[in-house]
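Have a look at the structure below before the remarks.
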Amino acid sequence: MIQIGWILAGLWHFLRRSDELVLLVSLLVGYFSGYRMWTVLAGVRQVGGIGNTGFMQVTQEAAFVALYAILLGQCIFLGTYMLVQNRVFASGNFTLSPATSRNLQSKVFLAAIILLPATYLIKGFAAESFMGGFALNISATAYIRLFPLVLSTVAILLIFLWRFGGLDGGTRLMNLGLVCVLFWLTYGSQGRFQFLAWLVAGGLIVAAPYRPLTRLLVLGTAVAVAAMVFAVAGVQRNYFGDSEQLVAVDRIIRAEDANMLEGFALMQQVIPNVYGYRWGKEHLETLIRPIPRAWWPGKPVGNYMLKALGVDETKPSGTMGISPSLFGSFYVEGGYLGIVLFSILYGFGLGYFMRWAAGLHPAPALLVRGLLCASLVPLLRGGDLAGIFAVLAMSFWPFFLLLLFRRRELLPNSSWFNAPTAALATIRTGRRDYMRSGRASVARSRSPLQR
């Protein structure tokens, strides 16, 4: 009931602020925690676990304890965010200026032409290195193989240009073709969260110009398609039948791919009884993770699952582990105290960043919202924060550089965008003030004859 209430609160926040973050988080967290528990109680499936690894089977009681902890973090995180982010995002009905559109189009197309063949080469090199006995986590291969993740940024910018760049028919067709190629390259059973993230951001961009209710319908359709594609990719990991789509629908109904609830319960079997709380080291590890183990042979193993399973990270291996959700990562830091403190910090930080983005022109503000929503998809999964932050950094570093070095060009009066649309970006904390200032700005932008 509480999670259903948060979904309704997210819908209210979306209609009032044009901010999709609360609704997205409420849906994702509710799906992998409350709905996952309901499927067990309804007899649709049994509580998950990992056998033959030294962990005990997860019980319903342990799953309920995990559910309450996740719910605690969800309430504090979203409550803090809504208190901080009280600004309204301007309308997404705009177009880029011709000069900006041409400049961005040439750079994005050039990046796509370079990265598409480079992705094939890098993936082949990483596969050969792994088969040759090189451990991906102690050699430069680990960093090289993450470079193609920047294709997510290329895909988002291509969708952005297709929607707001004023491209002609031939260029729009080429743009759409590149998006399809990027979808094929990023789609796979091992990197499912990569394409799921940019699909969510792309759906948000496509829906931006519509009225709130129409946007909600478009976003719902995009999320449904993304969930279906995600489930099909999950089926392909260990199923080779002729009805993958039917099996994928069954997996969605039974929440088979949303195992964060059991991941939280498994984590509580070793934290803090076997391994103590980390007291901030889970986040600080983000700073030391980029150091190759070849340079630092004694670098400590940070993943609690690998410790508990007795995995030697210096040996060639793939990736493994169970995700306990973002709130499970908070629990690793300091138990329930860690959940409370880090939920407040994350809610305040994301709320302040989105509040700042609301003061930009609607074009970069839309990209920031898409960036954050795309980042939250793998971040809410949790489990290895240092690895997740590395993936996000390698996926969206062009956005970070743009926000850092060209922030003045992103303001409402920038020449990058059409002047009448830029006047709509005057933001106030209240909806009535925002609508009033928006109408006044439109009136000032008209010619004397139009007035």
_Residues of segment 51-98 that turn out to be touching a residue at least 12 places away in the same chain (Cβ under 8 Å) and either more than 18 Å from Leu376 (Cβ to Cβ) or not in a helix (DSSP H, G or I) (or both), as a count_ = 30
*Looking only at residues in segment 263-294 that are within 27 Å of Gly30 (Cα to Cα) and within 21 Å of the chain's Cα centre (by Cα), which one is surrounded by the fewest Cβ atoms within 10 Å (Cβ to Cβ)?*
His283
_Taking the criterion of being under 24 Å from Glu333 (Cα atoms), part of a helix (DSSP H, G or I) and among the aromatic types (Phe, Trp, Tyr), would at least one residue in segment 103-111 satisfy it?_
no
*Considering (1) within 30 Å of Asp19 (Cβ to Cβ); (2) at pLDDT below 70; (3) assigned to a helix (DSSP H, G or I), say which one Gly166 fails and leave the rest.*
(3)
*Given the structure, is Phe77 at pLDDT 95 or above, over 25 Å from Pro412 (Cβ atoms) and aromatic (Phe, Trp, Tyr)?*
yes
*asked:* Looking only at residues that are free of Cβ contacts under 8 Å to residues at least 60 places away in the same chain and closer than 18 Å to Val65 by Cβ in segment 334-360, which one is surrounded by the most Cβ atoms within 10 Å (Cβ to Cβ)?
replied: Gly334
*List the pairs whose first member sits in segment 4-19 and is assigned to a helix (DSSP H, G or I), whose second member is crowded, with 21+ Cβ neighbours inside 10 Å and of a type in the set (S, T, N, Q), and whose Cβ atoms are under 8 Å apart, counting only residues at least 6 apart or on separate chains?*
Trp6/Ser26; Trp6/Gln74; Ile7/Ser26; Ala9/Ser26; Gly10/Ser26; Arg17/Gln85
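The values are calculated or read from the model by the stated rules, or taken from the named source; none is laboratory data. Note that the structure is predicted; figures quoted are calculated from it, not measured. Heads up, the Cβs are rebuilt from the backbone with ideal geometry, glycines too, and the neighbour counts pull from every protein chain shown.
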